[in-house]
Every structure is written in C-alpha cells, then in structure tokens.
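Input: a single structure, listed below in structure tokens.
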Amino acid sequence: MRRGSLLLLFAGSLALQGCVALAVVPILAGGGAIVRNAVSGERTRQAIAEGTAIAPETIDVTEFAEYTLLDISELPAPPSRIPTAGPHAQLHREASALLQAGWLDGAPLPDTALPESALLLNPSSLTPSRVACEEAIPALLVDLDPGAESMPLDGNLSPDPELVTVLDDLRRQGLTIAWITDREPQDAGTIRARLLEAGLDPTGRDPLFVQRYPGELKQARRRALLETHCLLAIAGDDRRDFDDLYLYLRDPAAALPLEAMLDDRWFLIPNPLD
C-alpha cells in the first residue's frame with residue numbers, strides 16, 4: 001500500500017459478542033499517527049481565513065490565538081448567567097477544569113506535560129485511548145451540522161443564550177473556539193455572518209473548517225486542527241460529530257466503551273444554531 005493511501009479495515013476482527021462492529025472504516029495510513037500537511041498548520045490557517053478577507057499565508061497561528069480575543073470591555077454583556085445544569089453547564093465545567101489543570105492565562109504551565117486530546121488514538125480499536133497533544137494552544141471544536149444534514153444557510157436563528165455565554169467565558173479563559181461543517185467554501189461567508197448574528201463568534205475570526213472538496217472526511221479536518229492546537233474537547237448534537245467511526249458502525253453496541261468519552265472530552269449539546 002502506498003504511503004498516504006487509505007487503509008481499509010474489515011471488521012471481522014472487531015466483532016463484539018458475535019456481532020460485526022464495523023463495516024469498512026477508512027483510517028489514515030499509519031494507524032493513529034497524525035499525518036501532517038506539507039506545510040504544518042496550512043489547513044488551520046485556511047480555516048481561520050475561510051470566508052474573510054484575510055490572506056492565509058499571513059497568519060501566524062500562535063499569535064492569532066491571542067488576536068481572536070477581544071478585551072473584556074469590548075465584548076457585549078453576557079446574555080445570561082453561566083448555566084449550572086444541563087449539557088452546556090457540563091461543557092463549561094469540564095472545559096474550564098481542563099484549562100485550569102494544564103494552562104495559566106492561555107499558556108502551558110511550566111514543567112507540565114500537555115494533556116491528551118479529544119481524538120481517538122486508534123478508532124478501529126473502539127477503546128477510549130486518545131492522541132496526545134503536541135501543541136500548546138487549547139481548543140474546542142463545535143460541529144454545526146444537525147445530525148446527518150448540513151447546517152442550514154437561511155431561516156431563523158435560534159441559538160441558545162446559554163451556549164453563547166459558555167463560549168464567551170471559555171474564550172476569556174484562553175480557549176480557541178473552532179467550527180466545523182460539511183458546507184463548502186463558497187458558503188463560508190454566509191456561515192460566518194450567521195455565527196456573528198447569533199453571537200456565537202463575536203469577533204468573526206474563529207477557525208471555520210468547511211468541506212474543501214466533495215467527500216472530504218471531517219476526521220481529516222479534526223486532525224488538521226490538532227497540528228496547531230491541543231484539541232481538548234469536541235461538542236456536537238450527534239456521536240458522529242466526535243469521530244467518523246460512527247459512520248461505519250453496524251452494531252452501535254460495539255462502541256459502548258467509547259461512552260466513557262461523553263461529558264469528558266466529547267459533549268452532546270443541542271445544535272448551536274437551532
């Protein structure tokens with residue numbers, strides 16, 4: 001098999017109690033290893049510039065992490081108090097704890113090893129072992145697509161004010177918020193306008209990962225973010241938002257060991273725009 005090609009794993013070896021766990025799972029060659037772009041961080045720079053007038057080649061990802069944070073005095077007043085119960089409260093509580101444990105004012109604590117990311121080390125094993133972070137910019141990735149559909153580009157917006165408040169506070173703590181959708185690049189300007197209108201991205205500068213070409217897997221985009229950030233957590237309204245392995249499961253029970261990731265690094269929340 002040529003380097004960089006897809007490795008097809010037939011799941012006869014991944015049976016659970018006699019049931020086939022997976023059908024055919026595309027995994028990047030090299031198992032759980034991160035396959036880097038020709039220019040490390042190129043995909044993230046593109047995601048930051050997507051739908052804006054910013055030239056990707058001018059972006060320094062490390063500096064941009066600070067650039068995306070506005071002074072507290074410039075941010076609008078929170079629309080509601082930080083929730084104390086429910087899925088948004090869990091997201092805020094756990095993400096804040098991860099930041100406090102590993103970072104101080106957005107920088108890694110001295111002599112502290114970077115934590116593990118929210119990405120599975122070996123998805124085909126169906127175990128909750130995770131890829132270690134190699135970069136020191138903490139990030140949360142939020143999936144915009146409702147279920148198996150792509151996010152709508154029109155219609156009324158119904159963002160939950162609790163989520164707006166939670167993301168606002170996490171930004172203040174130094175967490176980069178990134179967004180992902182299977183919409184295409186020509187939709188990026190509309191997506192950014194909707195996020196801005198909803199108050200979910202008050203700066204209009206969050207990384208936005210769209211589908212660069214038909215069939216581009218979200219897993220490739222998640223791993224691209226890991227090249228420049230420590231992807232601490234992923235939030236979405238469906239388990240397929242956390243790892244593409246859920247697209248290929250024949251028996252959902254086979255993934256029961258991965259339920260340990262929920263409310264830890266994976267967070268099920270209502271769709272951000274609906």
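From the list P87, P78, which one is at pLDDT 95 or above and open to solvent by 40 Å² or more (accessible area, probe 1.4 Å)?
P87
Rundown of residues vs (1) more than 24 Å from I59 (Cβ to Cβ); (2) of a type in the set (A, V, I, L, M); (3) at pLDDT below 95, yes/no style:
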residue	(1), (2), (3)
P152	yes, no, yes
V166	yes, yes, no
R171	no, no, yes
D201	no, no, yes
R205	no, no, yes
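Please find, within segment 239-274, the residue that is farthest from D143 (Cα to Cα) out of those that are part of a helix (DSSP H, G or I) and open to solvent by less than 10 Å² (accessible area, probe 1.4 Å).
Applying the filter and picking the extreme gives A254.
Starting from segment 245-268, take each residue that is among the charged types (D, E, K, R) and list its partners that are not in a strand (DSSP E or B), counting only C-beta distances under 7 angstrom and pairs at least six apart or across chains.
R250/V20; R250/A21; R250/A23; D251/V20; D251/A21; D263/Q90; D263/E94; D264/E94
So for segment 167-183 (the condition being closer than 19 Å to T52 by Cβ and surrounded by fewer than 19 Cβ atoms within 10 Å (Cβ to Cβ)), does at least one residue qualify?
The answer is no; no qualifying residue exists.
Considering (1) over 16 Å from the mean Cα position of the chain (by Cα); (2) part of a loop (DSSP other than H, G, I, E, B); (3) more than 27 Å from Y246 (Cβ to Cβ), say which one R205 fails and leave the rest.
Only one criterion is unmet by R205, namely (1).
Find the residue count for segment 173-198, including only residues that are of a type in the set (V, I, T) and farther than 16 Å from G155 by Cβ.
3
Looking at A224 and the list (1) more than 22 Å from E50 (Cβ to Cβ); (2) buried (at least 22 other Cβ atoms within 10 Å of the Cβ); (3) among the small types (G, A, S), which single condition is not satisfied?
(1)
Taking only segment 130-147 into account, find how many residues are assigned to a strand (DSSP E or B), buried (at least 23 other Cβ atoms within 10 Å of the Cβ) and of a type in the set (A, V, I, L, M, F, W, C).
So the count comes out to 4.
Quick one: would you say L98 is modelled with pLDDT under 95, outside any loop (DSSP other than H, G, I, E, B) and hydrophobic (A, V, I, L, M, F, W, C)?
Yes, satisfied.
The values are calculated or read from the model by the stated rules, or taken from the named source; none is laboratory data. Since we're looking at a predicted model, the values are computed, not measured. As a convention, Cβ positions derive from the backbone with ideal geometry for all residues, glycine included, and neighbour counts pool all protein chains shown. Note: areas computed on protein heavy atoms with side chains; ligands, DNA, RNA excluded. Shrake-Rupley method; radii C 1.70, N 1.55, O 1.52, S 1.80 Å.
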